[in-house]
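Below is one structure, written out as structure tokens; comments come after it.
The values are calculated or read from the model by the stated rules, or taken from the named source; none is laboratory data. Predicted, not measured: the structure shown is a model, and the values here were computed from it. Quick reminder, even Gly has a Cβ in these numbers, built from the backbone with ideal geometry, and neighbours come from all protein chains shown. Keep in mind that these areas ignore ligands, DNA and RNA; they rest on the heavy atoms of the full protein, side chains included. Shrake-Rupley method; radii C 1.70, N 1.55, O 1.52, S 1.80 Å.
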Amino acid sequence: MNTKITAISTDIVDIPLRRAHQFSAAKMNAKPLLIIQIETSEGVTGIGEGTTPGIWWGGESVETMRLVIEKYFAPLLIGEDPSYIEALLTKMDRQVLGNEFAKATVEMALYDIVGKLANVPVSQLFGGVVRDGIPVRWALAAGSIEADIAEGKDKVKKREHHNFKMKAGAIPTVDDIKRVIEVSKGLEGVTTTGVDPNGSWDELTTLRWMDQLAEAKVDFLEQPLPKWDFAGLARLKATRKVPIMADESASTVQDALKLVEMDAVDIFSLKIHKSGGMSRVKKIAAIAEAAGIPCFGGTSLESSIGTAACLHVYSTLPNLTEDCELFGPIWMADDIVEEPVVFKNEKVYVPQKPGLGVTLDMEKIKKYRRDK
Ligand SMILES: [Mg+2]
């Protein structure tokens, strides 16, 4: 049997959000997603989702992903056997520098095809699950201290989430840190929160406030400093006050090794898109495992498609012990698959059906599709 890729198509959809989301650089009201469908000679179609927090995060957007996939990747992939995933990733790497989000989107659809052809969930292609559900942190990003505290308490009471992370970075570092401490103290006795300023805090101010952040029992500082500042992360880690999580800094397999060598990280935040695919997340997690570093299941705020892909790899990682933030499907006001991934008792569960285990709802694609 020799399966071939016969066609590749893309759609951009804009999914409304339940509430606006304040990042360090942008406020968002709807989530753009790039949906890819890869057809094969066996009649099996693989689906993938490309999405980013925004072009400010990693330099890619749904529009750049679509262009790169249609113009550069499709001609490389048509006629190839979709099961040679590592070889196809190498081929894409040789032809197109960077553009990891676009590569991850293609790889997701390839794994969906291979899982469907083998009649197994993608998690089995990565070694099988070590846990079938992962606790989910919710992001407090409502935009005010009172609203963040109220939202945290409400979600704990309803048993939707048991801990949180705060988005930060939209205001000067010192004001932001005071805000984080107030929210953390406001939640004391009920729950705890980490904080993610997306690389926008300055090192000196952060160093000055490490004692107070520790006293306020902040769970972790996720990417407090810019993506390139590995040495700064190492100096913050050396204070041993609050665990340092690397997100933007830990994008590639090579980044992961360098962070370990520089002793710059306590926790790795994993993400499929920033790393160029599920198989690369597995490699990064292996580097972390070899260094005795735990992982956190990060998100680019995916629908059920990308969330399923994350779950199929995260669930196979013995050292993913710091929970996850895969709340994308319940943050958006609608989903685009027939059976969304399941959230229950503060956890999200790995789909069991073959491939990614989710099926596109074409009515929803039609409803939210952006005109070209
Ligand atoms: Mg982050």
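Quick notes on this structure:
- Filtered residue count, the range 152-166, keeping only those that are outside any loop (DSSP other than H, G, I, E, B) and open to solvent by less than 20 Å² (accessible area, probe 1.4 Å): 4
- Failed item in (1) away from the ligand (no atom under 14 Å from the Cβ); (2) touching a strand residue (DSSP E or B) at 6+ places or on another chain (Cβ under 6 Å), with LEU207 passing the rest: (2)
- Of all residues in the range 41-58, those that are open to solvent by 40 Å² or more (accessible area, probe 1.4 Å) and within 15 Å of the ligand (Cβ to nearest atom) total 2.
- Filtered residues of the range 221-238 (kept if surrounded by fewer than 21 Cβ atoms within 10 Å (Cβ to Cβ) and within 14 Å of the ligand (Cβ to nearest atom)): PRO226, LYS227
- Within the range 239-267, considering residues that are without any contact (Cβ under 8 Å) to a residue 24 or more places away in the chain and over 21 Å from the mean Cα position of the chain (by Cα), the one most open to solvent (accessible area, probe 1.4 Å): ARG240
- First in the range 345-372 and in a loop (DSSP other than H, G, I, E, B) and among the small types (Gly, Ala, Ser), second anywhere and open to solvent by less than 30 Å² (accessible area, probe 1.4 Å) and at pLDDT below 95, Cβ under 9 Å, 6 or more apart: none
- Selection from the range 265-293 of residues that are more than 16 Å from the ligand (Cβ to nearest atom) and in a loop (DSSP other than H, G, I, E, B): GLY276, GLY277, ALA291, GLY292, ILE293
Yes/no matrix, rows are residues, columns are (1) in a loop (DSSP other than H, G, I, E, B); (2) hydrophobic (A, V, I, L, M, F, W, C); (3) within 20 Å of ILE305 (Cα to Cα):
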{"site": "PRO32", "(1), (2), (3)": "no, no, yes"}
{"site": "ILE35", "(1), (2), (3)": "no, yes, yes"}
{"site": "TRP56", "(1), (2), (3)": "no, yes, no"}
{"site": "ALA87", "(1), (2), (3)": "no, yes, no"}
{"site": "ASP93", "(1), (2), (3)": "no, no, no"}
{"site": "ALA104", "(1), (2), (3)": "no, yes, yes"}
{"site": "ILE113", "(1), (2), (3)": "no, yes, yes"}
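- A residue that is in a helix (DSSP H, G or I) and within 16 Å of the ligand (Cβ to nearest atom) occurs somewhere in the range 239-255.
- Residue that is over 26 Å from GLU86 (Cα atoms) and outside the structural domain of SER61 (by TED's automatic domain parsing), where the choices are LEU259, LEU233: LEU233
- Matching option when the condition is over 23 Å from GLY297 (Cα atoms) and not in a helix (DSSP H, G or I), among ILE171, ILE149, ILE181: ILE171
- Cβ-Cβ under 7 Å pairs, at least 6 apart or on other chains, the range 188-199 side within 10 Å of the ligand (Cβ to nearest atom) and basic (Lys, Arg), far side open to solvent by less than 20 Å² (accessible area, probe 1.4 Å) and part of a loop (DSSP other than H, G, I, E, B): none
- Applying the condition of being part of a helix (DSSP H, G or I) and farther than 22 Å from ILE36 by Cα to the range 115-146 and asking which residue is least open to solvent (accessible area, probe 1.4 Å) yields ILE145.
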